[in-house]
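A short write-up of the structure that comes next.
The values are calculated or read from the model by the stated rules, or taken from the named source; none is laboratory data. Only a predicted model underlies this, so the values are computations on that prediction, with no experimental measurement involved. Here Cβ is always computed from backbone atoms with ideal geometry, including for glycine, and neighbour counts include all displayed protein chains.
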Amino acid sequence: MSMRYKGGIISATPPTTTTSAASGVWTLEQQLIAKAAGVWPIPPFLVDYLVVAGGGSAGGATYHGGGGGAGGARTGSNFAINIGTTYTVTVGGGAAAPVTNASGNNGSASVFSTVSTSGGGGGGNFTATGTGANGGSGGGGSVGTGNAYSVPQAGGTGVSGEGFAGGSGTQASSVYGCGGGGGAGQVGGTGTSATGGKGGDGIASSITGSSVYYGGGGGGSPYNSNSGGAGGLGGGGAAGNLTVNSGTSGTANRGGGGGAAVSHSAGAAGSGGSGVVILSAPQAAVSTTGSPTVTTSGGRTIYTFTASGSITF
């Protein structure tokens, strides 16, 4: 026998109610019953995010090395998540510095929900093909050995939407300059016969309430001089010089690429800086793991993960 159901619809079957849709006209009592049963549509919960991967380390050490590429960076707003769902947060580590006269290593990826960023590419070293490695941002190119002396070695490529390519190395009259690592917001600088290339700048984000740069590339190696490439804005490490031979490591939790050591020295290449995941939400989370730093700004609650963990709203 047919009956009159919600919304005045005459049918033997009541309308379907799910967590995403509820057809017809409902009284307050019917809504409360459906909500209590967990079958009433829940409005989307929107968060802002910044996801930065670990930076790559510089190449070389004893000889010519390209700067490490910055960790890839993605930022966005009004990202819909599900209330009651636990989301895993992965914070990528910075790349370890290479052994003497070896290519740099790539950083590790960072992840939140469906948002993933790639680790920065390692800097090139003094080999037949001294190219920088591909990554979230590409590692800087070095110079080639043997017949490749006069051929500039290219920087690695970056991932679209995450970072930019590393700069190329160059050679002129037996003097070499290596490329800077790519940044999340800018291509790494090309080395010259006088200087190492500057690391590419990162991107500025105000997700925490203050403008901060993330994802700077590392500076490229100079040829036995004080003209090493500067690190890019956002934690990129500077290249070494005659006073301080070793390159500077990328800044932790900024995803910076490592700076290369000055060539013809005992200096060490810089390691990559670790990444970070920052979430800004309209209300506090129900639970977290991984001990994120919790702050507030503009009526929003901000979670800064410097280690992997999880979050549930």
Problem set entry | Residues satisfying the stated conditions in segment 64-78, i.e. touching a Phe, Trp or Tyr at 6+ places or on another chain (Cβ under 6 Å) and surrounded by 24 or more Cβ atoms within 10 Å (Cβ to Cβ) | H64, A73
Problem set entry | Top-ranked residue in segment 204-260 [being closer than 14 Å to V276 by Cβ and among the β-branched types (V, I, T); ranked as surrounded by the most Cβ atoms within 10 Å (Cβ to Cβ)] | T251
Exercise. Residues G59, G66, G72: which one is in contact with a Cys (Cβ under 7 Å, 6 or more places away or on another chain) and either of a type outside the set (K, R) or over 30 Å from G191 (Cα atoms) (or both)?
Worked result: G66
Exercise. When segment 170-205 is examined, which residues are found to be under 13 Å from G228 (Cβ atoms), outside any strand (DSSP E or B) and modelled with pLDDT under 95?
Worked result: C178, G191, T192, A194, T195, G196
Exercise. Given segment 259-313, what strands (runs of 3 or more DSSP E) lie entirely inside it while holding 3 or more residues that are not β-branched (V, I, T)?
Worked result: 276-281, 300-305
For this session: All but one of (1) modelled with pLDDT of 95 or more; (2) of a type in the set (A, V, I, L, M); (3) out of contact with any Cys (no Cβ under 9 Å at 6 or more places or on another chain) hold for A239, so report the exception by its number.
Result: (3)
Problem set entry | Among (1) at pLDDT 95 or above; (2) at positive phi; (3) not hydrophobic (A, V, I, L, M, F, W, C) - the single one T117 does not satisfy | (2)
Exercise. If you take the residues of segment 95-107 that are of a type in the set (G, A, S) and surrounded by fewer than 22 Cβ atoms within 10 Å (Cβ to Cβ), which of them is nearest to T251 (Cα to Cα)?
Worked result: A96
